[in-house]
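As structure tokens, the structure follows; a few thoughts come after it.
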Amino acid sequence: MVQYTQSPLMGQMMDQPLLISSIIQHADRYFGQNEIVSRRVEGDIHRYTYRDCHKRSKQLANALAGLGVKMGDRVGTIAWNGYRHLEAYYAISGSGAVLHTINPRLHPDQIAYIANHAEDQVMLFDLTFLPAVEIFAEHCKTIKAFVLMCDRDRMPAETKIPNLLCYEELIAANSSELDWPLFDENSASSLCYTSGTTGNPKGALYSHRSTVLHSYASAMPDSLNVSARDTVLPVVPMFHVNAWGLPYSVPLTGAKLVFPGPAMDGKSIYELFESEQVTFSAGVPTVWLGLLNYVAQHNLKFSSFKRTVIGGSACPPAMMKAFRQQHGVEVVHAWGMTEMSPLGTAGTLQTKHLALSDEAQTAILEKQGHAIFGVDMKIVDDANKELPWDGKTYGNLLVRGPWIIKSYFKNEGGDVLVDGWFPTGDVATIDPDGYMQITDRSKDVIKSGGEWIGTIDLENIAMAHPAVLQAACIGVFHPKWDERPLLLVVVKTGAEVSKEALLQFYEGKIAKWWTPDDIAFIDALPIGATGKILKNKLREQFKDHVLPTA
Ligand code: AMP
């Protein structure tokens, strides 16, 4: 616990807690007519306003109270990006209960583990997940009621799920009369388990204060830059770190909100962009790959799309170039993690950069970016000694700030902070202007003869080759150097490239000894529940790979 010095003179401003309910109240009162548009699981397009959303959130809050949900209780959701999920966001946290978003792409055993660990009292879920819930429901020990987010006519005639209720019936049966409760802003508001590639997932428990502060900071011009003139389509799922906070930061600004529901393929996303005139979006590189491919194959243009935030894993420079040069879409490269709510950095330019060449500006924008106010960072060596900000020296990246975790839910993993800083597990450089660049995840770094090789650079170069769709680099055993890089490549449909030509493509772009020792062409890369490449799977698959130089 941090000890503060007490001032003899306290400020005389109102003592009003920072609560999530104030966001939807503000959206209703000041942007009541602004639209929320959702592609539903049912297949159609649903439209209503922030005022409608607020009203139904209150009805849902009353319904949850009727089901016995109390302050601090966890309520699970397994749902796509849509208006009902947004209602759940505000109803649950607004009542003082804890919104626990669950990633539906996890294995049913893992979902049951998480629901039990969180001690969820009620679980709300979309129609898509009915078959999965049928499988794990009986293993969830604490859930008193399951709520299927649909109308009565979509409810199954028979089910194994105990106490299955209909969302729309609950809403209809409850009044919208409710004064959101006031409570300590440090109360828990939502819970999100990390995707953790090893061991059991661990929960990051956000507070109202951390969420509201993160919403302010992430909406700022040099962060996500959301305004009342935008139409925002969050591609990043509401079950992954609260869709990077967009369900809070967008209503806060009054921008129109568009939800893609379950249809995340290039065609569906493109059509929604055009029909709703989306100006701004956010997502991981794998989703944008699908969209860019669709647009290229059909020779299409965007008529309203201006800006996108790409993060979650490194944005390949080739993708940034395609958005900027072919479509005039500005890309903001952002970095963060579940433990950070998630936003830590965003890449935008400063006045002094505007006179630089396009190439020099691009080099800055390709980095993961600048700390947003509220986040402080540093790089250290293995002995925790701080390293210089010279843009070259790389070290373990540590962060601190009011929306960064201090311990995991139920104290799993014990003390996680190092002298008050959270070790991110990422390896990075920071340049003299404070722009951070991730070299690698520390467990993915290749250790060749005692020296480190960052895999992101090697992947970015491969993906700049016109024949390469996706690339991932892993370290494999080498008798002399311990580990050497093996590049795994997925080639674009109809394109061809030889191993030799691709290796030659590295010449002059990196130190020669960083060049991969071998390339294997594969049909697809394994992608995890949050859209990231599963390097542990690749390492397992290629653990016996014999390098030609070995
Ligand atoms: P998660 O908690 O699942 O969102 O994963 C967080 C991790 O994703 C970070 O610690 C990074 O390793 C990685 N990550 C997120 N954004 C980026 C980015 N822009 N570039 C490289 N890695 C990223």
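The values are calculated or read from the model by the stated rules, or taken from the named source; none is laboratory data. Everything numeric here is computed off the predicted structure, so don't read it as measured data. As a convention, Cβ positions derive from the backbone with ideal geometry for all residues, glycine included, and neighbour counts pool all protein chains shown. Accessible surface areas use protein heavy atoms only, side chains included; no ligands, DNA or RNA. Shrake-Rupley method; radii C 1.70, N 1.55, O 1.52, S 1.80 Å.
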Looking only at segment 262-272, decide whether some residue is more than 24 Å from V468 (Cα to Cα) and of a type in the set (A, V, I, L, M, F, W, C).
yes
Flagged in segment 405-448 as in a strand (DSSP E or B), open to solvent by less than 30 Å² (accessible area, probe 1.4 Å) and more than 12 Å from the ligand (Cβ to nearest atom), in numbering order, are W421, T429, I430, Y435, I446, S448
Within segment 339-366, restricting to residues that are polar (S, T, N, Q) and buried (at least 23 other Cβ atoms within 10 Å of the Cβ), the one that is nearest to the ligand (Cβ to nearest atom) is T345
Quick check: is even one residue across segment 25-38 assigned to a helix (DSSP H, G or I), touching a strand residue (DSSP E or B) at 6+ places or on another chain (Cβ under 9 Å), in the same structural domain as L178 (by TED's automatic domain parsing) and surrounded by fewer than 24 Cβ atoms within 10 Å (Cβ to Cβ)?
yes
H333: open to solvent by less than 40 Å² (accessible area, probe 1.4 Å), in contact with a Cys (Cβ under 6 Å, 6 or more places away or on another chain) and not assigned by TED's automatic domain parsing to the domain that holds G531, yes or no?
yes
What's the number of the only condition in (1) in a strand (DSSP E or B); (2) within 30 Å of the chain's Cα centre (by Cα) that N460 fails to meet?
(1)
Can you name every residue in segment 505-539 that is open to solvent by 70 Å² or more (accessible area, probe 1.4 Å), farther than 15 Å from L469 by Cβ and of a type in the set (A, V, I, L, M)?
none
Odd one out for I36 among (1) more than 24 Å from the chain's Cα centre (by Cα); (2) under 27 Å from C166 (Cβ atoms):
(1)
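Within the bounds of segment 151-160, is there any residue that is in contact with an Asp or Glu (Cβ under 8 Å, 6 or more places away or on another chain), touching a residue at least 60 places away in the same chain (Cβ under 8 Å) and within 14 Å of the ligand (Cβ to nearest atom)?
Start the filter on segment 151-160 by keeping residues that are in contact with an Asp or Glu (Cβ under 8 Å, 6 or more places away or on another chain), which leaves 151-152, 154, 159-160.
From the residues that got through so far, the ones that are touching a residue at least 60 places away in the same chain (Cβ under 8 Å) too are 154.
Adding the requirement that they be within 14 Å of the ligand (Cβ to nearest atom) leaves none.
Within segment 151-160, none of the residues are in contact with an Asp or Glu (Cβ under 8 Å, 6 or more places away or on another chain), touching a residue at least 60 places away in the same chain (Cβ under 8 Å) and within 14 Å of the ligand (Cβ to nearest atom).
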Taking W288 as meeting all but one of (1) away from the ligand (no atom under 16 Å from the Cβ); (2) of a type in the set (F, W, Y); (3) within 18 Å of the chain's Cα centre (by Cα), write down the number of the exception.
(1)
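Enumerate the helices (runs of 4 or more DSSP H) found wholly within segment 214-321, keeping only those where 1 or more residues are open to solvent by 20 Å² or more (accessible area, probe 1.4 Å) and farther than 19 Å from I372 by Cβ.
266-276, 285-297, 317-321
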For segment 69-173, list the strands (runs of 3 or more DSSP E) that sit wholly inside it and hold at least 3 residues that are open to solvent by less than 10 Å² (accessible area, probe 1.4 Å) and of a type in the set (A, V, I, L, M); which are they?
120-125, 145-148
So, of the residues in segment 493-538 that are among the basic types (K, R) and within 16 Å of the ligand (Cβ to nearest atom), which turns out to be farthest from L292 (Cα to Cα)?
K537
Which ones in segment 294-324 are touching a residue at least 40 places away in the same chain (Cβ under 8 Å) and of a type outside the set (K, R)?
S304, V309, G311, G312, S313, A314, C315, P316, P317, A318, M319, M320
Could you tell me whether V489 is touching a helix residue (DSSP H, G or I) at 6+ places or on another chain (Cβ under 8 Å) and either without any contact (Cβ under 8 Å) to a residue 40 or more places away in the chain or among the aliphatic types (A, V, I, L, M) (or both)?
yes
